[in-house]
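Below you'll find the structure, written out as structure tokens, and then a few comments.
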Amino acid sequence: MWFGRRMEVTGHAVTSPGKSVNPPPPFTDCLLPVDLLQTSVAGSAGGMAGPRPLLSRILRLAAAVSFLACACFPASVYGIRKDIGFSEPIICRSTVQGRYLISDHNGYVCSAFSINPWSHCCPETGDRFSCQGCKLDLQCCNTYEYCVSCCLNPSKTKKEDVLKLKVAKPITAGTYTNVFDFCMGRCRHSSASVVHENAYTSDFHHCFSMQQNSSGSTESSSLSKLLGINVVVGRPGESCSLVCKVRGQSCVPSRLSVLNKCEILQKYMRCKSGCFHSLGPDQPAEVVDEAPTSLEAESINHLLSGCVLSREVWAWLLRELKLNVLPPTSSSRFCSWWKRTATSLEKSLRKGFNSLVILVSWELWKHRNACVFDGVRPQAQTVLTQNPGACLYMQMDERLTCDGSHQHTRRLCPCA
């Protein structure tokens with residue numbers, strides 16, 4: 001029966017099952033389905049009395065609709081327009097390690113439960129670049145997230161300065177690429193924020209001050225390292241270990257380098273005669289006003305030819321080598337004695353004598369360093385004997401110790 005046959009519409013063609021008809025190209029053969037429909041209807045109704053007018057009209061109407069669709073719409077229709085630009089999703093970087101608080105790279109601080117789970121951004125409802133719980137004069141905060149937020153403020157951290165800083169001390173270390181990385185790194189704990197390796201120096205131990213590339217840091221950053229440290233001026237002849245022990249505290253060796261600067265010494269001491277670099281286990285310190293000025297000052301002449309030890313060495317050495325020359329005296333200049341003695345020797349002996357003088361001078365200098373730094377035999381310093389009331393600091397921070405002392409100096413000690 002005709003009504004038992006199912007008609008299928010594929011593309012622009014209407015076919016009967018079992019017949020393969022290629023879909024017509026667009027626009028050109030849009031009237032082809034009418035002929036196909038007539039042929040299909042005539043072939044299918046061969047055993048019937050005649051075509052039915054109503055069904056024929058319905059099929060012709062379907063063919064007309066198919067033609068209109070073919071004429072009005074192109075063959076290829078895209079479901080998505082390609083000329084529409086979709087905005088990329090906003091993703092924030094954040095301090096993910098916070099247990100209760102989180103700070104994003106926009107400078108907002110929020111609780112860990114209120115952060116957007118998709119963008120990782122804090123709601124822009126609170127204060128931006130908040131410095132809650134921070135000491136702005138020291139640039140230190142008691143909370144890591146607020147330290148990062150305060151550090152991101154362009155008025156406190158200059159981007160052009162940050163991009164010049166190295167991430168670490170080695171020369172091969174790279175520089176920071178953005179301010180957020182700098183703030184996250186600077187606000188974390190470091191060895192400068194702890195004392196005795198088991199306690200914080202202060203509640204404000206998250207600091208974002210920018211270190212300088214010079215030999216020392218600025219005064220503000222130095223003061224931030226002294227948070228929780230009791231800076232004490234000792235009495236003449238006292239070591240820092242003794243100064244702190246009397247007060248029921250301990251000397252903090254890692255903070256001696258902070259005090260070993262003229263600007264810090266002048267803050268706690270008078271330094272009326274100036275500030276000079278020197279050598280000795282008792283520094284940083286101030287020379288007392290009552291220090292004698294008649295002691296023999298250390299100089300190259302005193303070290304190599306003037307002191308008793310040096311004269312004994314030269315006398316013994318020249319005697320053992322059987323050289324008919326006189327050792328230097330306490331009043332002779334070392335260079336003059338060397339030149340005069342070498343000229344008096346035979347030409348064949350001069351080269352060996354010069355090498356001997358250089359070697360012995362080097363050994364005397366090393367022995368002098370052992371006396372000064374290792375306490376083998378302490379020596380009076382030139383600046384100590386010539387400048388009562390002056391402050392002394394050492395250029396080599398690694399030589400600083402809590403145990404050194406001198407009877408004519410008052411030490412500046414970090415106690416905690």
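The values are calculated or read from the model by the stated rules, or taken from the named source; none is laboratory data. Just so you know, these numbers come straight off a predicted model, no measurement behind them. Cβ sites come from the backbone with ideal geometry, for glycine too, and all protein chains shown count toward neighbours.
Give segment 250-266 a look and list any residue that's of a type outside the set (A, V, I, L, M), assigned to a loop (DSSP other than H, G, I, E, B) and surrounded by 17 or more Cβ atoms within 10 Å (Cβ to Cβ), or say none. Scanning segment 250-266 gives Asn260, Lys261.
Considering segment 180-231 alone, what residues qualify as being at pLDDT 85 or above and in contact with a Pro (Cβ under 8 Å, 6 or more places away or on another chain)? Result: Ile229, Asn230, Val231. For the condition within 14 Å of Leu412 (Cα to Cα), modelled with pLDDT of 90 or more and out of contact with any Phe, Trp or Tyr (no Cβ under 8 Å at 6 or more places or on another chain), Cys271 does not qualify. Could you please find all residues in segment 310-332 being surrounded by 14 or more Cβ atoms within 10 Å (Cβ to Cβ) and not hydroxyl-bearing (Ser, Thr, Tyr)? Across segment 310-332, the qualifying residues are Arg311, Val313, Trp314, Leu317, Leu318, Leu323, Val325, Leu326, Pro327, Pro328.
Close contacts from segment 307-324, counting a first residue that is under 13 Å from Phe353 (Cα atoms) and a second that is at pLDDT 80 or above and part of a helix (DSSP H, G or I), with Cβ to Cβ under 8 Å and a gap of 6+ residues or different chains, come to Trp314/Val360; Leu317/Leu356; Leu317/Val360; Leu321/Leu356; Leu323/Leu349; Leu323/Phe353.
In this entry, Gly107 is excluded by the filter for residues that are surrounded by 12 or more Cβ atoms within 10 Å (Cβ to Cβ), modelled with pLDDT under 80 and closer than 30 Å to Ser155 by Cβ.
Regarding segment 54-66, can at least one residue be identified that is over 29 Å from the mean Cα position of the chain (by Cα), farther than 30 Å from Asn178 by Cβ and at pLDDT below 65? No - not one qualifying residue is present in segment 54-66. Scanning segment 377-399 for residues that are over 17 Å from Asn260 (Cα atoms), modelled with pLDDT of 50 or more and surrounded by fewer than 17 Cβ atoms within 10 Å (Cβ to Cβ) yields nothing.
Do you know which residues across segment 293-306 are modelled with pLDDT of 75 or more and crowded, with 18+ Cβ neighbours inside 10 Å? Passing the criteria: Asn301, Leu303, Leu304, Ser305.
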